[in-house]
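Notes follow the structure.
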Amino acid sequence: MGDGAPAKVIEVIGRTGTRGEVIQIRCEVLEGPDAGKALVRNVKGPVKIGDVLQLLETVMQARKLDTRKR
């Protein structure tokens, strides 16, 4: 599968970005030193619960989605 760590999508939180083109998800790292760790990440493109993503790094998390109305 290449470099990085596989992570399984466990929750789709919502859309973000200026036009809603980015989806914020919660995923669980499956292998490596951070196995079992749950991360919040931003993903571009179609994604659904159960998909496996290849994360290049498992240290950074996305900021929480702002759900306030402006």
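The values are calculated or read from the model by the stated rules, or taken from the named source; none is laboratory data. Here the structure is a predicted model, which means the values were calculated and not measured. Note: ideal-geometry Cβ built from the backbone for every residue, glycine included; neighbour counts use all protein chains shown.
Looking across region 1-13 at every residue that is among the small types (Gly, Ala, Ser) and assigned to a strand (DSSP E or B), the one that is farthest from Val59 (Cα to Cα) is identified as Ala7.
The listed residues are Lys48, Lys37, Lys44, and the only one of them that is over 17 Å from Ala62 (Cβ atoms) and of a type in the set (Lys, Arg) turns out to be Lys48.
Results for (1) in contact with a Gly (Cβ under 8 Å, 6 or more places away or on another chain); (2) loosely packed, with under 13 Cβ neighbours inside 10 Å; (3) of a type outside the set (Asp, Glu); (4) modelled with pLDDT of 95 or more, shown as yes or no for each residue.
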{"site": "Pro6", "(1), (2), (3), (4)": "no, no, yes, yes"}
{"site": "Glu21", "(1), (2), (3), (4)": "no, yes, no, no"}
{"site": "Glu57", "(1), (2), (3), (4)": "yes, yes, no, no"}
{"site": "Met60", "(1), (2), (3), (4)": "no, yes, yes, no"}
